[in-house]
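Engineer: I have a structure I would like to understand better, so I am pasting it below and will then ask my questions one at a time.
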Amino acid sequence: MHGTENPSVWLQRWVHLIAPGSTVLDVACGAGRHLRYLAALGHRVTGVDHNPEAVAVAQASGPVICADIENGPWPFVGQTFACVVVTNYLWRPLLPTLVASVAPGGVLIYETFAAGNESVGKPSRPDFLLQPGELLQATEGLRTVAYEDGFEASPERFVQRIAAVRAGSSGAIERWPLQAA
């Protein structure tokens with residue numbers, strides 16, 4: 001079942017950008033690998049997934065909503081989160097909503113498959129593969145702290161990843177460390 005493996009290395013690398021004790025939304029959370037990891041770090045986690053079996057497992061780490069976010073309403077209208085996490089999931093019509101769900105001073109940590117992946121395996125449909133620079137375009141209202149677009153050898157896959165922050169409400173110059181202290 002999706003969501004039982006270890007947390008994403010990308011998330012682990014950028015988790016230090018999430019303020020302590022923050023609210024975190026994990027989109028397409030599966031069985032909750034990131035919910036477990038983030039809850040263990042003291043964050044208040046919420047997940048959403050369409051699979052009732054995965055939701056039942058993930059709920060051990062915090063509240064998880066079972067919802068079809070591709071065909072139904074967004075269950076978090078008007079809510080923002082200190083962090084929005086998305087891995088191995090792409091539904092283009094939802095990208096603006098995900099960016100808008102990042103609170104002032106918050107972070108978006110996103111990682112999914114990119115064009116080229118069809119040459120090494122699944123997913124292979126263009127609907128599920130980001131085009132070059134697509135995450136950068138989708139997150140134009142945020143400040144990019146880190147971005148990668150390329151091929152990984154183990155496991156073989158093409159990916160795009162971004163860690164991007166929304167400016168805080170104070171207007172002060174903020175520092176986003178590139179590595180955990």
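Engineer: Show me the strands (runs of 3 or more DSSP E) entirely contained within the range 1-101 in which 2 or more residues are in contact (Cβ under 8 Å) with a residue 60 or more places away in the chain.
Structural biologist: By residue number, 23-27, 81-87.
Engineer: Quick test of your reading of the structure: L135 fulfils all but one of (1) touching a strand residue (DSSP E or B) at 6+ places or on another chain (Cβ under 8 Å); (2) aliphatic (A, V, I, L, M); (3) touching a residue at least 40 places away in the same chain (Cβ under 8 Å). Name the failing condition by number.
Structural biologist: (3)
Engineer: Taking the range 80-118, which residues are over 16 Å from the mean Cα position of the chain (by Cα) and either at pLDDT 95 or above or loosely packed, with under 15 Cβ neighbours inside 10 Å (or both)?
Structural biologist: Answer for the range 80-118, where residues must be over 16 Å from the mean Cα position of the chain (by Cα) and either at pLDDT 95 or above or loosely packed, with under 15 Cβ neighbours inside 10 Å (or both): just P104.
Engineer: Which condition number does G62 fail, the rest of (1) within 23 Å of D127 (Cβ to Cβ); (2) surrounded by fewer than 21 Cβ atoms within 10 Å (Cβ to Cβ) being met?
Structural biologist: (1)
Engineer: Could you tell me which residue of the range 119-148 is surrounded by the most Cβ atoms within 10 Å (Cβ to Cβ), considering only residues that are in a strand (DSSP E or B) and in contact with a Leu (Cβ under 8 Å, 6 or more places away or on another chain)? Give the derivation first.
Structural biologist: Start the filter on the range 119-148 by keeping residues that are in a strand (DSSP E or B), which leaves 130, 143-148.
This time we only want the ones that are in contact with a Leu (Cβ under 8 Å, 6 or more places away or on another chain), so: 130, 144-147.
Numbers: L130: 27, T144: 15, V145: 17, A146: 15, Y147: 15.
Taking the candidates together, the pick is L130.
Engineer: May I pose another question? Just one of (1) free of Cβ contacts under 8 Å to residues at least 24 places away in the same chain; (2) part of a helix (DSSP H, G or I) trips up E152, so point out which.
Structural biologist: Here E152 meets the rest and fails (2).
The values are calculated or read from the model by the stated rules, or taken from the named source; none is laboratory data. Because the structure is predicted, anything quoted here is derived from the model rather than measured. Every residue, glycine as well, gets a Cβ built from its backbone with ideal geometry; the counts of neighbours run over all protein chains shown.
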